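S.K.: Let me give you the structure first, and then I'll get to my questions.
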Amino acid sequence: MPSFNFTARDTSGRTQRGVQSAASAVVLASELRARGWLVLDIQIAAETRVGLTDALNPSGWLPVRSIDVEMSLQQLAVMLRSGLTLLNALQTAAEHADRLKLQRILRRVMVRIEEGSSFADALSEHRVFNNLTVQLVKVGEQTGNLDVVVVRAAEAMERRRHLIQQVMTALTYPFITLMAAIGVSLFMVLNVIPKLEIFIKALGRKLPPTTVMLMDLSAWFRTNGTALLVVMVVSMLGILFATQMPGLRAPLDKFMLRVPLIGRVLCVAGTALFARALAILLRSGVTVLDALRTMEALGSNKHLAGIVAKTRQRVFAGGSLAEALTEPGGFMPMLGRMIAVGESSGRLDDVLEEVARFFENQLAVLIRQLSAVVEPAIIVFVGGVVGFVYITFFLTIYAAAGSQK
């Protein structure tokens, strides 16, 4: 029998805290009310008793990853299909969760269910479960196919994670290579050139224009480098702050969609995610309006989320889903045309799955193309900087040697 930590107010108004075993939180609450106490809070004891080993365990403070939630949902689906009750399945999933935070979350979900909450409502209280998962679970509870929709939720999270990883791979590689190029350039300008400058001045000869320009550039960076670094840091913090402001995030996301190469990658990824998630929701029995409402909060690009919100309003007013999604500067144009085919044929979910598969393949191609373009460009840039410094050095030596004849 599990133990619970409770907080209650007795008949005299004093706060009472303690630990008591009970069959469930609901049973314990009834027992406390029978004493005439006002129940303030009930938590399963395992949530609050944290030993030194748990406190020192890194998994206790590490955030819950998407893959952790996926694995727990897959375990739940297998156990539900095997005939276990939902509470027993949640208890087992909590015991096998790698992260302590996820264990606590699953136990809180158990407590909420024991108190009379639905599974979907209990999940919605925790941010680790996205709106798609909550909506699918809600449908599963209504239709009795909870194990099926939990599997679909896990698969949807897995595909979304893979899409995000692909996009991050496409954006991380250029970023790292660009930072490496800037680092090499700064090393040449701030370290190599000053040493070269001492040697050149010792010659006492007239210097080539390229040498003078390089020395002036190095001197400028050494004089204004700190101010330039402060401006860059403030600019980056300003961009991060802008991404947290609803009024600024949408224009920033819209701008990112227009950036050459990177913008197309983001647009294709957003289209694939939208098509895949909408297909899963419709196939699970969710209405179009409810599915669009879920998609508004699912996408990370706020500009595309705004288009989805406008689409839901137009569909609610009697408009066509395909026409509403053809807004310029949003999703890929092919999405609207294929949805029109799906609406006319009555096979919208199947068409959306085909669209998602097509754009997922396109995303892989775009990432390879981006790598093929960025890698030579970075090599040329770094080689150009290093080559320019060395050529300037040898021209200086040649000029000094020629002046001595």
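A short reminder: the numbers here are calculations on the coordinates, not readings from a lab. Quick caveat, the model's predicted, so the values are computed rather than measured. A quick note on method: Cβ atoms are made from the backbone with ideal geometry, for glycine too, and the neighbour counts reach across all protein chains shown.
S.K.: Between 0 and 90 degrees, rounded to the nearest ten: what's the tilt of helix 348-403 against the longest Cα principal axis of the chain?
M.R.: Between helix and principal axis, roughly 30 degrees.
S.K.: Mind pulling the per residue volume of the convex hull built on the Cα atoms of the stretch 116-190? Å³ is fine.
M.R.: Enclosed volume per residue, from the Cα hull, is 91 Å³.
S.K.: Could you tell me the number of lysine pairs in the chain with C-alpha atoms less than 22 Å from each other, where the two lysines are 8 or more residues apart or belong to different chains?
M.R.: Lysine pairs meeting both conditions in the chain amount to 6.
S.K.: A follow-up question, please. Translational diffusion coefficient, Stokes-Einstein: compute it for the stretch 104-231 using the Kirkwood radius over C-alpha pairs as Rh, at 4 °C and 1.567 mPa s, and state it as an integer in µm² s⁻¹.
M.R.: 64 µm²/s
S.K.: Also, quick follow-up: Grab the Cα-Cα distance for L289 and T226, subtract it from 0.36 nm times how many residues apart they are, and report the gain in nm with one decimal.
M.R.: Length gained, L289 through T226: 17.3 nm.
S.K.: Can you tell me the dipole magnitude for the chain around its Cα centre, using point charges on the Cβ only (Lys, Arg +1; Asp, Glu -1), in Debye to the nearest 20?
M.R.: 1200 debye
S.K.: Could you list log10 I(q)/I(0) for the chain at q = 0.08 Å⁻¹, which the Debye formula gives when each Cα is one point scatterer?
M.R.: Debye intensities relative to I(0), on a log10 scale: -0.66.
S.K.: Which order, highest average first, do 274-283, 301-310 follow once you tally other Cβ atoms within 10 Å for each residue and take the mean per peptide?
M.R.: Put in order of decreasing packing, that is 274-283, 301-310.
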